[in-house]
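Q: The following block contains the structure, expressed as structure tokens.
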Amino acid sequence: MSGRPARRFAAVRSIARTMPHLSDPSTPVPDRRPRRLRRTETLRRMVRETQVSVDDFIYPLFVTHERDTRREIPSMPGNYHWSIDRIAAECEEVAALGIPGVLLFGIPEEKDASGSGAFQAEGVVQAAVREIKRAVPELLVVTDVCLCEYTDHGHCGVIHDGDVLNDPTLTLLAQTAVSHAEAGADIIAPSDMMDGRVSAIRAALDGAGFQDTPILSYAAKYASGFYGPFREAAGSTPQFGDRRSYQMDPANRREALKEVLQDLDEGADMVMVKPALSYLDIIREVKDTTGVPVAAYNVSGEYSMVKAAAANGWVDGDRIMMEILTSIKRAGADIILTYHAKEAARLL
């Protein structure tokens with residue numbers, strides 16, 4: 001033994017003689033000490049590899065047809081049903097926190113078999129978009145394009161003999177997207193998982209003069225058990241069957257890349273993986289494969305589990321929240337849609 005390792009070893013032996021409670025001085029001395037860069041918060045902050053920023057967030061909001069309403073969603077504490085006449089004030093607070101955008105879901109007064117409330121010019125989302133853009137024009141408004149909240153059967157498309165019909169649904173989705181753009185939506189986000197819907201929506205938007213309106217496609221949306229609280233909030237639980245014939249099988253990885261690449265070929269500008277926490281590997285693969293902006297949806301079940309555990313004192317809610325958001329960003333997400341957005345923004 002010679003040189004620096006020998007000198008370090010001799011120093012440890014010398015210290016050990018005066019501190020007999022230390023471990024055996026013959027134990028090898030480590031050559032590398034990563035702990036040096038973890039000693040203080042300032043050091044940890046300086047070398048941190050993944051930085052979560054308020055700029056990463058989009059905040060989902062539920063808009064109801066009712067008036068003068070701010071009603072907490074029982075399974076999603078801290079989130080509310082907002083009436084159109086009160087949503088602008090909430091969005092002003094969102095913008096003041098530095099959050100760049102919101103995602104709107106609508107709860108209509110009436111539902112029917114075709115989900116016609118989704119594409120009415122005076123529909124709940126369309127009216128909310130206009131109100132938000134009037135009050136907070138700089139805030140990005142993203143609109144979810146799907147029929148499930150508007151159909152009386154709760155499925156995302158037209159039903160015939162118990163089946164969800166793909167192609168007839170595309171026309172309705174395209175109409176919905178155009179109505180949102182006409183109301184002032186900044187980004188259109190189709191979540192239905194019908195084949196070819198991005199192509200249909202892109203053609204409809206371009207034909208209506210909205211060539212510059214981007215599409216954020218829910219490209220890899222899995223048939224997940226994590227959506228339960230959302231379905232309560234949006235009133236969109238299927239009245240029969242489930243959505244596994246059009247949403248993705250949670251066991252499939254290669255299929256996610258196929259869906260993503262197809263949506264990009266059809267004209268999507270950004271793509272989304274949903275849910276986020278159980279699909280971090282998919283987020284990473286999508287990011288590495290495409291290089292386009294990738295969004296990840298930290299969904300309602302992921303949110304509600306944290307809230308329930310924190311309410312019972314089982315976890316530190318703020319710490320777990322930030323750890324989850326960091327993991328999503330570390331996996332490769334450029335955009336995080338999360339119900340935690342406001343509380344995370346306050347911490348950041």
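Q: For segment 335-348, which positions are assigned to a helix (DSSP H, G or I), among the aliphatic types (A, V, I, L, M) and either open to solvent by less than 10 Å² (accessible area, probe 1.4 Å) or in contact (Cβ under 8 Å) with a residue 60 or more places away in the chain (or both)? Outline the logic, then answer.
A: Here is the first cut: in segment 335-348, the ones assigned to a helix (DSSP H, G or I) are 341-347.
Next, from what is left, pick out any that are among the aliphatic types (A, V, I, L, M): 341, 344-345, 347.
Listed by number, the residues that qualify are 341, 344, 345.
Q: For segment 44-107, which strands (runs of 3 or more DSSP E) that fit wholly inside it have 2 or more residues that are open to solvent by 70 Å² or more (accessible area, probe 1.4 Å) and at pLDDT 95 or above?
A: On the way: elements: 57-64, 70-72, 80-83, 101-107.
The qualifying strands (runs of 3 or more DSSP E) are 70-72.
Q: Of the residues 158, 178, 198, only one is β-branched (Val, Ile, Thr), open to solvent by less than 40 Å² (accessible area, probe 1.4 Å) and within 30 Å of residue 281 (Cα to Cα); which? Explain how you work it out, then say what you get.
A: Values: 158 fails: within 30 Å of residue 281 (Cα to Cα); 178 fails: within 30 Å of residue 281 (Cα to Cα).
That would be 198, the only listed residue that is β-branched (Val, Ile, Thr), open to solvent by less than 40 Å² (accessible area, probe 1.4 Å) and within 30 Å of residue 281 (Cα to Cα).
Q: Would you be able to say whether some residue in segment 108-117 is in contact with a Pro (Cβ under 9 Å, 6 or more places away or on another chain), open to solvent by less than 50 Å² (accessible area, probe 1.4 Å) and more than 19 Å from residue 174 (Cα to Cα)?
A: Taking every residue of segment 108-117 in turn, none turns out to be in contact with a Pro (Cβ under 9 Å, 6 or more places away or on another chain), open to solvent by less than 50 Å² (accessible area, probe 1.4 Å) and more than 19 Å from residue 174 (Cα to Cα).
Q: Oh, and also: Exactly one of these conditions fails for residue 122: (1) in contact with a Phe, Trp or Tyr (Cβ under 8 Å, 6 or more places away or on another chain); (2) within 23 Å of residue 214 (Cα to Cα); (3) open to solvent by 10 Å² or more (accessible area, probe 1.4 Å); (4) assigned to a loop (DSSP other than H, G, I, E, B). Give me its number.
A: Condition not satisfied by residue 122: (1).
Q: Could you tell me whether residue 260 is open to solvent by less than 20 Å² (accessible area, probe 1.4 Å), aliphatic (A, V, I, L, M), in contact with a helix residue (DSSP H, G or I) (Cβ under 6 Å, 6 or more places away or on another chain) and farther than 20 Å from residue 105 by Cβ?
A: Yes, satisfied.
Q: Just to check your reading of the model, which residue among 209, 228 is closer than 22 Å to residue 81 by Cβ and open to solvent by 10 Å² or more (accessible area, probe 1.4 Å)?
A: 228
Q: Could you give me the residue pairs with C-beta distances under 7 Å whose first residue belongs to segment 211-238 and is closer than 15 Å to residue 79 by Cβ, whose second residue is open to solvent by 20 Å² or more (accessible area, probe 1.4 Å) and in a loop (DSSP other than H, G, I, E, B) wherever it lies, and which are 6+ apart or on separate chains?
A: Hits for this filter: 229/75; 231/237; 232/75.
Q: Sticking with this one: Would you please list the contacts, defined by Cβ atoms under 7 Å and residues six or more apart or on different chains, that run from a residue in segment 36-55 that is closer than 17 Å to residue 330 by Cα to a residue that is among the basic types (Lys, Arg) and open to solvent by 90 Å² or more (accessible area, probe 1.4 Å)?
A: Close Cβ pairs (under 7 Å, with a partner that is among the basic types (Lys, Arg) and open to solvent by 90 Å² or more (accessible area, probe 1.4 Å)) amount to 44/38; 50/330.
Q: Now, a different point. Checking residue 239 against (1) polar (S, T, N, Q); (2) open to solvent by 20 Å² or more (accessible area, probe 1.4 Å); (3) modelled with pLDDT of 95 or more, only one condition comes out false. Which one?
A: It is condition (3) that residue 239 fails.
Q: How many of the residues in segment 278-300 are of a type outside the set (D, E, K, R), in contact with a Gly (Cβ under 9 Å, 6 or more places away or on another chain) and open to solvent by 10 Å² or more (accessible area, probe 1.4 Å)?
A: Result for segment 278-300: 1.
Q: Here's another thing I want to ask about it. For residue 111, which of the numbered conditions (1) touching a Phe, Trp or Tyr at 6+ places or on another chain (Cβ under 7 Å); (2) modelled with pLDDT of 95 or more fails to hold?
A: (2)
Q: Another question, if that's okay. Out of 155, 180, report the one residue that is at pLDDT 95 or above, under 22 Å from the mean Cα position of the chain (by Cα) and of a type outside the set (Asp, Glu).
A: Numbers: 155 fails: at pLDDT 95 or above.
Among 155, 180, only 180 is at pLDDT 95 or above, under 22 Å from the mean Cα position of the chain (by Cα) and of a type outside the set (Asp, Glu).
Q: Additional query: Which one of the conditions (1) buried (at least 23 other Cβ atoms within 10 Å of the Cβ); (2) within 19 Å of residue 84 (Cα to Cα) does residue 140 fail to meet, given that it meets all the rest?
A: Result: residue 140 passes all but (1).
Q: Quick check on my filter: what residues within segment 305-334 are in a helix (DSSP H, G or I) and within 20 Å of residue 272 (Cβ to Cβ)? Explain how you work it out, then say what you get.
A: Here is the first cut: in segment 305-334, the residues in a helix (DSSP H, G or I) are 305-311, 317-331.
If the condition is that a residue be in a helix (DSSP H, G or I) and within 20 Å of residue 272 (Cβ to Cβ), then 324, 325, 326, 327, 328, 329, 330, 331 are the ones that fit.
The values are calculated or read from the model by the stated rules, or taken from the named source; none is laboratory data. Here the structure is a predicted model, which means the values were calculated and not measured. Glycine also receives a Cβ, built like all others from the backbone with ideal geometry; neighbour counts cover every protein chain displayed. SASA here: full protein model, heavy atoms, side chains in, ligands and nucleic acids out. Shrake-Rupley method; radii C 1.70, N 1.55, O 1.52, S 1.80 Å.
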